[in-house]
Amino acid sequence: MGLLTKALEENEKNKKIKNQLIDVIAACGKTDLKHLMQATGMRKKEITEIAKELKNEGIIDIKGNLPTIRKYIYLGEVKAKPAPKDLIDLLESKGKITVKDAASMLNVSVETISAWSKDLMHEGLIYLKNPRFGQATLIGDDIKIKKFRVLSTISEKRKTQWVIHTKADLLIALLEKEKSMTLNQAINVLETDEQHLLDLVKRLGKIVQVEYPTNPLSNPKIQLVQGITHLIDKAIEGTVINSYEMDADDIEVGVSISTKPEESMPLYHLKTPYIGEATKALLKSFTDEISDEIAISSDDIMDPKRMLELKDRFHEAATDAIRSHLEVGEMDVRILSAVMLHDMFGLGDIELLLHDDWLEEICINTSQYPVTAYHKRHGWVKTNIKVEDERMVYNFASQIGRKVEREITGLSPIMDAHLLEGDRVNATLFPISNFGNTITIRKFSRSPWTVVNYISDDMRTLSPEMAAFLWLCIQYELNIIVGGGTASGKTSMLSSLCSLIQSTQRVLTIEDTREINLPKYLRWNWVPLTTRSPNPEGKGEVSMLDLIVTSLRMRPDRIILGEIRRRQEAEVLFEAMHTGHSVYSTIHADTSENLKRRLIESPLEIPSAEIEALHLIVIVYRDRRLGVRRVFEIAEIMPSSTGDEFELNYLFRWFPRINEFKKVSQSKRVIDELMMHTGMNQDEINKDLAEKEAILKWMEKNKIYSLNAVGEIFDQYYRDPKKLMEKIRK
């Protein structure tokens, strides 16, 4: 008997847990494991097991991999039992009807109507008059039935999209149907109190208002003052060729890229959580209050650290405001606070694009057309994001400029600046740009490509053999210049090569806008320097030349220059090579021969004897037709023994017809210098290259791609190469 009692108690407990889980899922429409753990206090394993049972029972649906917490892949929707929808429809059209007539019209039994009525009465949708069996009259509560309709629509929407729908949205939806309702009706239907309702109405002041009657005994009325335009998220058009998800400050965003026969470029569609328009109006009121409460001084704007602190304060204040005034789940709180943060502190919906690591360039060409972007895989794409008007574009540009001491006005209609994260920004104003104000953002990669990315099957930017050779050259401090056309990936290639530097050396980087990123193991002795444009009075400029000269006084082992542009900069840079510094840089040049001509001829005009301090040229190329990047060729500089112009010795080359890399000749200068300065012979150099190639292939095989993870392996190699090789062989 004791065992039976225990089993019954256990069964009852499981029922309660199941019902608790169902209630949470039903309230949210869809949710994830993390939210369920917070809402129920249960462990992940418990939820997983019960969820599988509920799925087998046909109560919920599960899509995706259940154990994953971070993604919205646990989509639970309680499957409705046969609902008395027909009875609700009947009452909505007739207002009232007897049980007997309802049974006759719906062709069901009186008992069925009675059973349905009990459920509907419990939900407050109807009430009974003259409750005699068979003669009772059913009367529908008009407002509550309308509420039921609104919530049913939201429930359907939740099956395909994350929906945030608050009492403010419900109030507006009902007023759009009713035009007005009494204060008591609103309190009853929204299930709130008078204080909260009046606060809600006050915040929606431009949309709704309370009308107080002259008769103090009459009930005040809430009425709609201004209609709301409900933005409809258009369905994805055309054939979807790629889709993925990303996280933008706790906002889970779905990206779909599609093609249409009538469109010349792919369409980039962002799918974000749906937020009701009334809720957006509330967020705007919170934003205005927070902006008034948190003062920002000019000193704060100029200091990146203070700006990050302010960002955290804004985020915290936004979260507090939402929790205080809106009855939403924790997941919704995070999403809404992120939306507020983007509007208060960022560039609105453009922030979502900035979080997509697949985008390199984001362009607002005018407010008349959607924002365009350059996708690493698909090239130029047209997004479904559009800036409201030209004033908004100007406000974005001004906001960006203020944070980095730049100004854009009618007198100075061109601005070069950068975002706090390092993204490079160019902005122009009408009429300099004829169609309207523009903003072009060159993204600073949050997850920069590494050498391992470049040798992977997905990219194949260079071969493992080429990567091992470049690693050898970096290790032994040979000077390298990376050439290529616009947006060919010069800086990305330079940054990935600089990650191969030993941690025992002091590194200085010099750039107009910070794009080069080094792994953590190098940062303890890394000094990034950036130029500064003059202020509107023409004062305070810090040029590239100033920084190069300054860097030579900072005892650098390696000097990395973002780009060679002017003669004086090039002269100082080549002088640094001759004084024993290891130098790396980029330059615009499509081939090694073209790079050679650029250095020798006007406007740079570097003497041939000076250029001979350079060891290697790496040319990167972007095939616009195929949308791929390749290291087109690697060549070494061969000094002239007669004093004539130096020669180029081509080592590796990419052959586009067969899409393969080939070694076209043996290295002479690099190998000779390594043998002379290290004492290694040819066999030892070959063995070193083979080891490096094996390490790179091992990292690629084990999917070690991230900057810091790759950096750790290189650091291990420099500290104890034998130990690392043993690990790889095992």
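Derivation of every value follows stated rules applied to the coordinates shown; laboratory data play no part. Note that this is a predicted model, so its numbers are computed, not measured. Glycine also receives a Cβ, built like all others from the backbone with ideal geometry; neighbour counts cover every protein chain displayed.
Of note:
- Under 10 Å, Cβ to Cβ, from ALA570 - net charge with Lys/Arg +1 and Asp/Glu -1: -1
- Value of Rg/Rh across segment 597-663 [Cα atoms, Kirkwood radius]: 1.08
- In the structure shown, the pairs LYS118/LYS177; LYS206/LYS280; LYS44/LYS157 are assessed against 21 Å; a Cα-Cα span above that value is assigned to LYS118/LYS177; LYS44/LYS157.
- Both radii are taken from the alpha-carbon atoms of segment 435-593; with Rh as the Kirkwood radius, Rg/Rh is 0.98.
- Taking 12 Å as the straight-line reach from the Cα of LYS100, the aspartates and glutamates in range (excluding those fewer than 8 positions away in the same chain) are GLU111.
- Each other residue within a Cβ distance under 13 Å of ARG323 adds +1 if Lys or Arg and -1 if Asp or Glu, for a net charge of -4.
- Segment 452-729: C-alpha gyration tensor shape, a/c 1.5 cut-off, then a/b vs b/c: rounded
- Extension gain from LYS52 to ARG377, taking 0.36 nm per residue of separation minus the Cα-Cα distance: 113.2 nm
- Residues of segment 241-267 with amide N under 18 Å of a point placed 7 Å along Cα→Cβ from LYS703: 243-247
- Potential extension, ASP89-ILE600 segment - 0.36 nm per residue separation minus Cα distance: 175.5 nm
- Unsatisfied cross-links (Cα-Cα over 22 Å) in the set LYS179/LYS221; LYS692/LYS727; LYS490/LYS727; LYS271/LYS490: LYS490/LYS727; LYS271/LYS490
- Spin-label model, GLN226 to THR160: label points 7 Å out along the Cα-to-beta-carbon direction sit 3.1 nm apart.
- Checking the cross-link pairs LYS596/LYS687; LYS596/LYS663; LYS520/LYS730 against a 24 Å limit on the alpha carbon distance flags LYS596/LYS687; LYS520/LYS730 as lying beyond it.
- For segment 487-499, putting each phi into the Karplus relation 6.51 cos²θ - 1.76 cosθ + 1.60 with θ = phi - 60° gives couplings of 6, 7, x, 4, 5, 4, 5, 4, 4, 5, 5, 5, 5 Hz, in residue order, rounded to whole numbers and with x for Gly and Pro.
- Within straight-line cross-link reach of LYS697, aspartates and glutamates at Cα separation under 19 Å, skipping those fewer than 8 residues along the same chain: ASP457, ASP458, GLU465, GLU660, ASP688, GLU712, ASP715, ASP720, GLU726
- Packing rank of 198-204, 405-411, 266-272, where each peptide gets the mean count of other beta carbons within 10 Å, highest leading: 266-272, 198-204, 405-411
- Computed from backbone phi, the HN-Hα couplings of segment 420-427 come to 4, 6, x, 5, 7, 10, 10, 9 Hz, rounded to whole numbers (Karplus: 6.51 cos²θ - 1.76 cosθ + 1.60, θ = phi - 60°; Gly and Pro given as x).
- In this structure, the amide hydrogen of SER367, modeled 1.01 Å from its nitrogen in the peptide plane, lies closer than 5 angstrom to those of ASN437, counting only residues at least 5 positions away or on a different chain.
- Overall form of segment 646-730 per C-alpha gyration tensor (a/c, 1.5; a/b vs b/c): oblate
- Antiparallel beta bridges, as assigned by DSSP with both residues in segment 452-729, represent about 45 percent of the total such bridges.
- R0 of 35 Å, Cβ-Cβ distance HIS355-GLN716: FRET efficiency to nearest 0.05: 0.65
- Pairwise Cα inverse-distance average, inverted: Kirkwood Rh of segment 279-345 (Å): 12.2 Å
- Taking Lys and Arg as +1 and Asp and Glu as -1, the other residues whose beta-carbon sits under 13 Å from that of THR239 total -2.
- Residue ranges 238-250, 470-482 sort as 470-482, 238-250 when ordered by packing (mean number of other C-beta atoms within 10 Å per residue, highest first).
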